[in-house]
1. Residues of the stretch B:61-103 being touching a Gly at 6+ places or on another chain (Cβ under 9 Å), buried (at least 19 other Cβ atoms within 10 Å of the Cβ), of a type outside the set (S, T, N, Q) and within 8 Å of chain A (Cβ to nearest Cβ), which ones?
2. Quick one: which of A:VAL71, A:VAL100 is modelled with pLDDT of 95 or more, surrounded by 20 or more Cβ atoms within 10 Å (Cβ to Cβ) and not in a loop (DSSP other than H, G, I, E, B)?
3. Is it the case, given these coordinates, that A:VAL191 is without any contact (Cβ under 8 Å) to a residue 60 or more places away in the chain, surrounded by 13 or more Cβ atoms within 10 Å (Cβ to Cβ) and assigned by TED's automatic domain parsing to the domain that holds A:LYS159?
4. Tell me yes or no: at least one residue of the stretch A:255-277 is in the same structural domain as A:GLY215 (by TED's automatic domain parsing), at pLDDT below 90 and closer than 30 Å to A:VAL120 by Cα.
5. Out of (1) surrounded by fewer than 13 Cβ atoms within 10 Å (Cβ to Cβ); (2) touching a Lys or Arg at 6+ places or on another chain (Cβ under 9 Å); (3) not in a loop (DSSP other than H, G, I, E, B); (4) not assigned by TED's automatic domain parsing to the domain that holds A:ALA113, the odd one out for A:SER250 is which?
6. Specify which of the listed residues (A:LYS216, A:LYS183) is under 16 Å from A:ARG117 (Cβ atoms) and basic (Lys, Arg).
7. Restricted to the stretch A:74-92, and to residues that are surrounded by 22 or more Cβ atoms within 10 Å (Cβ to Cβ) and over 38 Å from the mean Cα position of the chain (by Cα), which residue is farthest from A:ASN138 (Cα to Cα)?
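The values are calculated or read from the model by the stated rules, or taken from the named source; none is laboratory data. Just so it is clear, the structure is predicted and the values come from calculations on it, not from any experiment. So basically every Cβ, Gly included, is an ideal-geometry build from the backbone, and we count neighbours across all protein chains shown.
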Amino acid sequence: MKPRSSLLFACLGVAAIHLAFAQAERMSLPKAVEAGVGFSIQITGTGNAALYIVGPGQAIRRDVQLGQPAVFSSGSLYNAGHYLAVLAGSSFSETGSFDVIPASKPANLSFLAKPSRLPVGLHDGITGAVYVFDGYHNLIAAPTPVSFELSASSGAVQKHIVASHDGAAWTAMDSTAEQGSDKFVARVGDVSSTRVVGQVPGDPCGLKMSAKQDGKKIQLTTDPVRDCHGNAVPDGTIVTFTETYSGAQSTIDAPLKRGIAEAAMEARAGATFSVASGVVMGNQIGWAK
Amino acid sequence: MTSPKFLLILVTGFAATSTLAAAQAAVHVEPVNLQGPRHLEAQSQAAVIRDYLRAWNGFSAALEQNRPELLDVDFVGTAKDKLAGTIKQQSELGIHTRYQDRSHDLQILFYSPDGLSIELADKVEYDVQVIDHDKVVTTQRESARYLVVLTPAEVRWKVRVFQSVPE
C-alpha cells in the first residue's frame, strides 16, 4: 500500500472513531418503544440542535437543547416501524435507529369469513381469517390466541382457539346440520368481530314420488322434499319428471311449491316415470294399466 | 498532517453530497412455507412479489417528492393512510426522505383461505437519506424485517399493511 493511501485510511479510521465516540456521547436512544407510549431521548452536550425522528410511519422534527432530554409524550409516536433518530447541530450530525413496536393489547380485528351462505353439513365449509391490530392499526406480530366460535340457532357451538403467526390466524369449521343463520365470532381478549353465515338446505335426499290416475293423465306428486339432514328444500327448487315410453322421453320441470312438486303426464300402459332434482335421482314408477 | 477537523468536514461533506444511486435491488425468495389451507399457484406468487417490489418504487417516489397521490397505484387502506400521513408531516416540516432498496429476502407466510389476502415477510436492506430544505441531514444503510399484507385489486395486488417489526 502506498504511504499516501495508508495515511488516508488511517485518518479516515480516526475520523470514524471520532464520529463513533461523538455518537456515544451525544444521544442515547431506546432500543424499542411501544406505540403510543411516552419516552425520552437522553442528549448530552451544550448548545442547540435539531432532532429528527423519521420513518415510513411518521416524521417528527424538534429543536432541542443539548444536555436536556427530549421528551415525547404519550401518543407522539404511534405507528410501528423502524425509525431513524438524527441529531443535527451546527457542526455535527449524529444518527441512530430504534423500533416502535405495536402495543401489546389488541384493539382491532380484521375478520374475513367465507362464504356468507352455504349448504348444511359441509366439512370445513366455513373459513375465517383474522389479522390482529392494536389501537393504532399496527399489526401485532407477537403470537396471540384467537378464538373462533360458530354458533348455530339450535345452540350448538363449535370453538377453535388458534395462535396467530406474524399477526394472522385462520380456521375452518363445518357447517351445521340445521338451516338458519349462524353467528361466526372471532375474539381476541375482549375484542370481537362477528359475521353471519347463512346455512341453507343441501341437495334433496331420498326423493320420492307417488302416481295417481286422473282420467287420461297420471298425476305425479313428490313427498315433501328434504335434504339428508331433514331440512326442507326451498320452494322454487326445480324437480324434473320424466316419462319413458317406447324409447321416447318427455319431461316436465316443476318448481317446488310448499315443499312438494307436481306434474300431470300422459297415462300410457308400459310407460315408466322417474323423478330427479339436479344430480339427485328419485324413485321410478312403471305404469301397467 | 491533515487535521482531524478537516477530515471530519471531508467525511461529512462526502456524505452530504453523495446521492443514493438507483440500482436494481437484489431479490431472493425463500421457499413457500404457508400457514393456511390454500395452495398458492406459482403465477400468483410471482404476481404478488412483482407488485410488492413495484410498491417499493411507489413508496420511495412518494416520500421523496412528498406526493401522496403516487401511493394510489400500489397502496390501499391502512398502509396508504399511514404513508400519506407521513408525507403530510414531512411537507409541513419541509423535509423529505429518499428510500432506496438494496436487497429483499422474501417469504410468503400466509394465504388466506378465501384468497383475499397474502402476507409476506421481507428482510430488506435499504439506504435512507433525510433531507431538510435541500440539506442532507443523514444518509444511512438500514435493515429491517417488514410484514406486508397485500389484497387483490382490479388488476394487481395492493399493499394494505406495510410495517417493519424488530428482527
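1. B:LYS82, B:LEU83
2. Exactly one of A:VAL71, A:VAL100 is modelled with pLDDT of 95 or more, surrounded by 20 or more Cβ atoms within 10 Å (Cβ to Cβ) and not in a loop (DSSP other than H, G, I, E, B), namely A:VAL100.
3. Answer is no for this residue.
4. No, the stretch A:255-277 contains no residue that is in the same structural domain as A:GLY215 (by TED's automatic domain parsing), at pLDDT below 90 and closer than 30 Å to A:VAL120 by Cα.
5. Only one criterion is unmet by A:SER250, namely (2).
6. Checking each option against the conditions leaves just A:LYS183.
7. It comes out as A:LEU87.
Residue-wise test of (1) closer than 21 Å to A:THR95 by Cβ; (2) free of Cβ contacts under 8 Å to residues at least 24 places away in the same chain; (3) in a strand (DSSP E or B).
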site	(1), (2), (3)
B:LEU120	no, no, yes
B:GLU125	yes, no, yes
B:GLN129	yes, no, yes
B:THR139	yes, no, yes
B:GLU142	yes, yes, yes
B:ARG145	yes, no, yes
B:THR151	no, no, yes
B:VAL155	no, yes, no
